[in-house]
Amino acid sequence: MNKNRATEEERTRALKPTKKPEVMERQRLPVRYHVEDYDVADRPRRFLEAFAVILRHSNYRFALEHFIRMSAKCSRCSVQCQVYLASGDLKDIPCYRSELLLGVYRRHFTMGGMLKGRVLGDSGLTDEMIEEMAESFWNCTACRRCSIECPAGIDHGLITHLGRYILSEIGIAPRALVVSVREQLEGKTGNTSAIPVPALLDTLEFLQDDMRETKGVEIEFPLDVEGCDYVFFPAVSDYLMEADTLMGIAAVFAATGDSWTTGTGYFDGINYGLFYSDRMLERIVKKVHAEAERLKGKNILIGECGHASRSAKYFVPTYCGGEKALPVINIMEYTYGALTEGRFRLDPNIVTEKVAYHDPCNIARQGWIIDQPREILKAFCKNYVEMEPHGENNICCGGGGGTVSIDEIRPYRTTIAGKVKAEQIRGSGCKYLVAPCANCKKQLRELVEDQKIDCEVVGLHDLIYKAIILENKN
Amino acid sequence: MQTLLELAQGPLFRLTFAIMALGLLRIFILDIWGAIEAYRKAGDKNIPWKQAIKKTLGWLFPVRKAFGSRPVYSLLSILFHTGLILVPIFLFAHVELWKSGTGLGWITLPKSWADYLTLSTIIFGLALFFGRIAVRAASFLSRKQDYLWPLILIVPFITGYICAHAGVTPAGYRFYMLIHILSAELIFVLLPFTKIAHCVLMPLSQLVATLAWRFPPDTDEPVAISLNKKGVPV
Ligand code: SF4
Ligand code: SF4
């Protein structure tokens, strides 16, 4: 029996509807995630309208044209998808999922398709097809592992991304994501965790006290300092949940003495727009850049968060002036640079347990940051083990593409989407699983809990914080 | 039969070949044109060329891919494609024909190689066909034409092999030759309009996939306006 395949019992649990029947009836949407009420009338027409508008104002068309000519249906990608490996459901084959949207494109936006539709009397997009897409695009974690294996270069992550964008324009997007983005863009606090500035100040003060007590040194979290080298944006949830990660980062800066700051105007790296709407993606990216500019910072520094890093790294240049935009770096790049320059030291006798590193898709899939965190870990963890496959080829935690924040689909995430990862973690026998990504951390913690794996999920800087040697300057 | 053969070898060949050449050229140009447009509109013009080229070469000469996730399938596919590409272009008889028609010639495959490659193309084409039926994921994805293609593609190889080898009667020879040519011409015509267009689009794939993530800036506003959502809360 394939140990990656979910058992019948797991499948039943994972796929159980979480919504009330009357809600499903009203919304005509048999999916597991919650959606705010939307206009259900005339969905196919509105879907096509949104599709057309998006095509007109974007760059997707040329890629779709290419993909529909190339699609070889070879099923090669199926071997790579952790969702399909676990579910065994043929509808989870990446190529099948992509075809849901490519088929609509072919039928409604190409000459041949329109002619064929006319001749064969095929009426085209139906309500059922929209329902299937709404289900399918949120079963995919948009991890893009499958695209490595597609000879035709079809990027299923991109197609899922586009499909979600179109659906969201007709009102179909997980409420969990929409509500966060709404607070971030239009709410009083301006961030996804709804942390007001006074609460942020309290938290930072608390962290400073904690560091003074445990490490015996004064470490500062600078605020609103102008002209710094680095303006810092963690996933804002870190302020609530990842104290050790933040203290580790502050400790590294304390050791190097470089100038960094958090801006009280905007301090959230999270960008859930990346997962469902390019319009939101753009608006959020612009907020990050504007805050860094307001503070006259030289670099945008993103904390331990995969999608936050990716949305800044690849979309700050996109939306904020190309080469003129501020450079974006991830904290792991900074820390690695500082360590290799010998600007701080790590005690090799602190972390002796087995440590493994999980590559967040958003950081590793394109080969952006793979070796640096490993080098850092190997520099002080005696017992580093590697999971296979890893790096560019890593297996997604199962909560990618924003699905991690949709709490109502937790059973799906931890029994199907994360099943292969769970086996991988179990196999490695690690005690600490390092996951430098806010989303991965949340998902992996739920995963090891639900799958009963004896292992603690931590951030890279959590371990650095344990082992960093700080000189008491006072 | 003789007239049919002459028709197939002469005008029909020129016509179908022209359809193929122009058709492929058209989609190739459209693809590049699309990519250039996308690049022009992209907010981020920093393209990792090296990475894209490396990946492209990786798929054009998939030596390493062969030992990856689906070794058997990959190997079959590679061997199938090798014959499919090499034999029609480098077969001695084909090159001779070109030479007599256009004066252009090029290197040719040694006869024994050509034979092996022809046979392997037939065998591996059939294997791919049966593989598609047998593998659950593949058969689920497949449309009718996906099954048909390997079969259509090996017809000219089978008939060509028969003409070159079996001691058929002259009438038989002409018959197989006719099928050989007509099937090749059918393929010519279908090429630009089906997934086999990947024969010319393949080198662009990785670039397209990379470029596709380079979005144009400032689309929030126009999209919102077009969808009547300007100023509408998130
Ligand atoms: S992006 Fe990831 S989850 Fe989605 S189809 Fe591809 S491998 Fe599967
Ligand atoms: S949450 Fe992490 S592992 Fe999961 S998709 Fe994102 S980056 Fe990948």
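The values are calculated or read from the model by the stated rules, or taken from the named source; none is laboratory data. The model shown is predicted, which means the values in this text are computed figures rather than measured ones. Reconstructed Cβ throughout: ideal geometry from the backbone, glycine too, with neighbour counts over all protein chains shown.
For the range A:252-286: of the residues being in a loop (DSSP other than H, G, I, E, B) and within 14 Å of chain B (Cβ to nearest Cβ), which is nearest to residue A:465 (Cα to Cα)? Lay out the reasoning, then the answer.
Keep residues of the range A:252-286 that are in a loop (DSSP other than H, G, I, E, B), which gives A:257-259, A:263-272, A:277.
This time we only want the ones that are within 14 Å of chain B (Cβ to nearest Cβ), so: A:271-272, A:277.
Working: A:271: 27, A:272: 29, A:277: 36 Å.
Only one residue tops the list, namely A:271.
Confirm whether residue A:158 is surrounded by fewer than 16 Cβ atoms within 10 Å (Cβ to Cβ) and within 16 Å of ligand 1 (Cβ to nearest atom).
Details: surrounded by fewer than 16 Cβ atoms within 10 Å (Cβ to Cβ): no; within 16 Å of ligand 1 (Cβ to nearest atom): yes.
So residue A:158 does not fit the description; no.
Out of contact with any strand residue (DSSP E or B) (no Cβ under 9 Å at 6 or more places or on another chain), aromatic (Phe, Trp, Tyr) and within 16 Å of ligand 1 (Cβ to nearest atom), is that true of residue A:137? Walk me through it before giving the result.
Details: out of contact with any strand residue (DSSP E or B) (no Cβ under 9 Å at 6 or more places or on another chain): yes; aromatic (Phe, Trp, Tyr): yes; within 16 Å of ligand 1 (Cβ to nearest atom): yes.
Yes.
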Complete set of residues in the range A:408-442 that are within 15 Å of ligand 2 (Cβ to nearest atom) and of a type in the set (Gly, Ala, Ser): A:417, A:418, A:422, A:435, A:438
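Just checking, which of A:147, A:123, A:180, A:168 is within 16 Å of ligand 2 (Cβ to nearest atom), farther than 22 Å from residue A:89 by Cβ and among the hydroxyl-bearing types (Ser, Thr, Tyr)?
Working: A:147 fails: farther than 22 Å from residue A:89 by Cβ; A:123 fails: within 16 Å of ligand 2 (Cβ to nearest atom); A:168 fails: within 16 Å of ligand 2 (Cβ to nearest atom).
Exactly one of A:147, A:123, A:180, A:168 is within 16 Å of ligand 2 (Cβ to nearest atom), farther than 22 Å from residue A:89 by Cβ and among the hydroxyl-bearing types (Ser, Thr, Tyr), namely A:180.
Conditions (1) out of contact with any His (no Cβ under 8 Å at 6 or more places or on another chain); (2) under 23 Å from residue B:195 (Cα atoms); (3) more than 8 Å from chain A (Cβ to nearest Cβ), marked per residue:
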site	(1), (2), (3)
B:21	yes, yes, yes
B:24	yes, yes, yes
B:34	no, yes, no
B:41	yes, no, no
B:61	yes, yes, yes
B:72	yes, yes, yes
B:75	yes, yes, yes
Subset of the range A:420-456 (residues that are in contact with a Cys (Cβ under 6 Å, 6 or more places away or on another chain), of a type in the set (A, V, I, L, M, F, W, C) and within 15 Å of ligand 1 (Cβ to nearest atom)): A:440
Complete set of residues in the range B:40-85 that are modelled with pLDDT of 90 or more, farther than 17 Å from residue B:205 by Cβ and among the charged types (D, E, K, R): B:40, B:41, B:44, B:45
Selected residue [without any contact (Cβ under 8 Å) to a residue 40 or more places away in the chain, among the aromatic types (Phe, Trp, Tyr) and surrounded by 17 or more Cβ atoms within 10 Å (Cβ to Cβ)] from A:84, A:105: A:84
Matching entry among A:448, A:404, A:385, A:458 (being away from ligand 2 (no atom under 12 Å from the Cβ) and either under 18 Å from the mean Cα position of the chain (by Cα) or at pLDDT below 95 (or both)): A:458
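Which one of these is more than 10 Å from chain A (Cβ to nearest Cβ), more than 19 Å from residue B:198 (Cβ to Cβ) and not in a helix (DSSP H, G or I): B:16, B:108? Write out each step before concluding.
Values: B:16 fails: not in a helix (DSSP H, G or I).
Matching residue, one of B:16, B:108: B:108.
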Verdict on residue A:367 being modelled with pLDDT of 95 or more and in a loop (DSSP other than H, G, I, E, B): no
Every residue from the range A:95-119 that is among the charged types (D, E, K, R) and touching a helix residue (DSSP H, G or I) at 6+ places or on another chain (Cβ under 6 Å): A:97, A:106, A:107
Residue, surrounded by the most Cβ atoms within 10 Å (Cβ to Cβ), within the range A:352-364, restricted to residues that are more than 16 Å from ligand 1 (Cβ to nearest atom) and outside any loop (DSSP other than H, G, I, E, B): A:357
When residues of the range A:372-419 are limited to those that are out of contact with any Asp or Glu (no Cβ under 6 Å at 6 or more places or on another chain), hydroxyl-bearing (Ser, Thr, Tyr) and in contact (Cβ under 8 Å) with a residue 60 or more places away in the chain, the one farthest from ligand 1 (Cβ to nearest atom): A:405
In the range A:90-114, the residues that are aliphatic (A, V, I, L, M) and within 23 Å of residue A:63 (Cβ to Cβ): A:93, A:100, A:101, A:102, A:104, A:111, A:114
Contacts under 8 angstrom Cβ, first residue in the range A:345-361 being within 14 Å of chain B (Cβ to nearest Cβ), partner more than 16 Å from ligand 1 (Cβ to nearest atom) and at pLDDT below 95, 6 or more apart: none
Failed criterion for residue A:112 (all others in (1) within 10 Å of chain B (Cβ to nearest Cβ); (2) surrounded by fewer than 21 Cβ atoms within 10 Å (Cβ to Cβ); (3) within 16 Å of ligand 2 (Cβ to nearest atom) hold): (3)
Selected residue (criterion: nearest to ligand 1 (Cβ to nearest atom)) from residues of the range A:323-344 that are assigned to a helix (DSSP H, G or I) and within 14 Å of another protein chain (Cβ to nearest Cβ): A:323
Matching residues, the range B:22-67, being within 20 Å of the chain's Cα centre (by Cα), basic (Lys, Arg) and under 25 Å from residue A:315 (Cβ atoms): B:55
So residue A:157, is it within 13 Å of chain B (Cβ to nearest Cβ) and either modelled with pLDDT under 95 or within 17 Å of the chain's Cα centre (by Cα) (or both): yes
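For residue A:207, state whether it is within 24 Å of residue A:51 (Cα to Cα) and among the aliphatic types (A, V, I, L, M).
On the way: within 24 Å of residue A:51 (Cα to Cα): no; among the aliphatic types (A, V, I, L, M): yes.
No: the conditions fail for residue A:207.
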